[in-house]
Amino acid sequence: MSVEVRLIPCLSDNYAALLHHAESKTTALIDAPDAAPILRALDKEGWNLTHILITHHHPDHVQGIAEIRKKFPVPVYGPRAEADKIPGISVKLGHHDVAEVGPLRANVIDTPGHTAGHIVYHFPKQALLFSGDTLFALGCGRPFERPAEVLWQSLLTLRELPPETQIYCGHEYTLANAKFSVSVDPKNGQLRERLKQIETKRAKGEPTVPSLMEEELATNPFLRADNPAVQAAIGMKDGDPAAVFTKLRELKNTFKG
Ligand SMILES: [Zn+2]
């Protein structure tokens with residue numbers, strides 16, 4: 001069952017995504033930062049929206065829902081634990097639920113940390129992950145509503161997904177993330193090479209999303225808190241991975257590229 005994905009830049013650095021399955025005329029929107037660019041993208045493709053999938057309650061992921069639903073009064077899927085903060089939600093989802101999106105199937109994974117009820121959508125047959133603000137290219141979300149060690153556990157769950165999984169995240173933060181990543185994993189040749197590619201893409205105004213799980217596993221320090229080289233680079237040799245992750249998060253918050 002082949003699908004197409006369109007990435008839609010919104011606001012200053014958000015991404016929404018459209019997932020389209022032509023045969024069934026299914027078109028799902030993942031997150032709704034801003035109605036106008038999303039409606040323009042649908043119009044340009046000639047696609048009729050059929051579903052809205054929301055990862056978490058932050059305004060820059062839900063504030064376009066109402067306006068979009070004026071034109072496309074479609075069901076809104078989202079995290080059960082944050083349902084009261086998501087306008088128009090009709091299908092409430094949690095861990096191990098299967099989201100039915102036309103003939104497509106997404107496994108719902110709870111990833112608390114950035115928000116307490118954050119969920120991500122994994123389409124195993126299409127090898128696609130819509131990771132919201134949990135996992136970014138070379139980064140991860142800030143743990144606002146749960147402690148960093150809870151977010152680490154969420155990332156450990158995502159690390160189990162197949163390496164060929166394409167990851168669509170909620171923001172274009174990759175260049176800043178890459179500079180930080182090199183600072184805590186300086187001997188990682190694949191990471192340094194990736195930084196160069198990201199600099200080239202951003203200089204041309206191109207998106208760095210999606211990324212592949214395989215390259216995140218090899219280069220994203222927030223998936224590598226149990227890696228000896230990362231631990232040594234931040235002075236926590238043989239450290240507890242959750243504590244190392246917490247330290248990485250703190251270092252990132254104060255990093256000046
Ligand atoms: Zn957020």
Problem - Number of positions in segment 123-138 that are surrounded by fewer than 24 Cβ atoms within 10 Å (Cβ to Cβ) and either touching a helix residue (DSSP H, G or I) at 6+ places or on another chain (Cβ under 9 Å) or not aromatic (F, W, Y) (or both) - result: 5
Exercise for the section: Determine if segment 114-132 includes at least one residue that is in contact with a Lys or Arg (Cβ under 8 Å, 6 or more places away or on another chain), closer than 22 Å to T165 by Cα and within 16 Å of the ligand (Cβ to nearest atom). Expected result: yes
Problem - Selected residue [farther than 13 Å from F222 by Cα, free of Cβ contacts under 8 Å to residues at least 24 places away in the same chain and open to solvent by 70 Å² or more (accessible area, probe 1.4 Å)] from K179, K196 - result: K196
Practice task
Please state which one of G113, G102 is open to solvent by 10 Å² or more (accessible area, probe 1.4 Å), at pLDDT 95 or above and on the phi > 0 side of the Ramachandran plot.
Solution key: G102
Practice task
Tell me which residues, restricted to segment 38-67, are within 16 Å of the ligand (Cβ to nearest atom) and of a type in the set (D, E, K, R).
Solution key: D60
Handout entry: Extreme residue, farthest from the chain's Cα centre (by Cα), among residues of segment 130-141 that are within 15 Å of H61 (Cα to Cα) and either part of a loop (DSSP other than H, G, I, E, B) or at pLDDT below 95 (or both)
Key = G141
Completion exercise
Only unsatisfied item for E216, checking (1) in contact (Cβ under 8 Å) with a residue 24 or more places away in the chain; (2) among the acidic types (D, E); (3) open to solvent by 60 Å² or more (accessible area, probe 1.4 Å), is (3)
Practice task
Kindly establish whether K201 is within 23 Å of G132 (Cα to Cα), at pLDDT 95 or above and in contact with a Gly (Cβ under 7 Å, 6 or more places away or on another chain).
Solution key: no
Completion exercise
Scanning segment 51-84 residue by residue, the ones that are crowded, with 24+ Cβ neighbours inside 10 Å and assigned to a loop (DSSP other than H, G, I, E, B) total 4
Problem - Search result, residues across segment 237-257 that are open to solvent by less than 90 Å² (accessible area, probe 1.4 Å) and assigned to a helix (DSSP H, G or I) - result: P241, A242, A243, V244, F245, T246, K247, L248, R249, L251, K252, N253
Completion exercise
Every listed condition ((1) touching a residue at least 12 places away in the same chain (Cβ under 8 Å); (2) more than 23 Å from R146 (Cβ to Cβ); (3) open to solvent by 40 Å² or more (accessible area, probe 1.4 Å)) holds for V209 save (3)
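The values are calculated or read from the model by the stated rules, or taken from the named source; none is laboratory data. Keep in mind it's a predicted model, so treat the numbers as computed, not measured. Cβ atoms come from the backbone with ideal geometry, glycine included; neighbour counts cover every protein chain shown. What goes into the accessible areas is simple: the full protein's heavy atoms, side chains included, and nothing from ligands, DNA or RNA. Shrake-Rupley method; radii C 1.70, N 1.55, O 1.52, S 1.80 Å.
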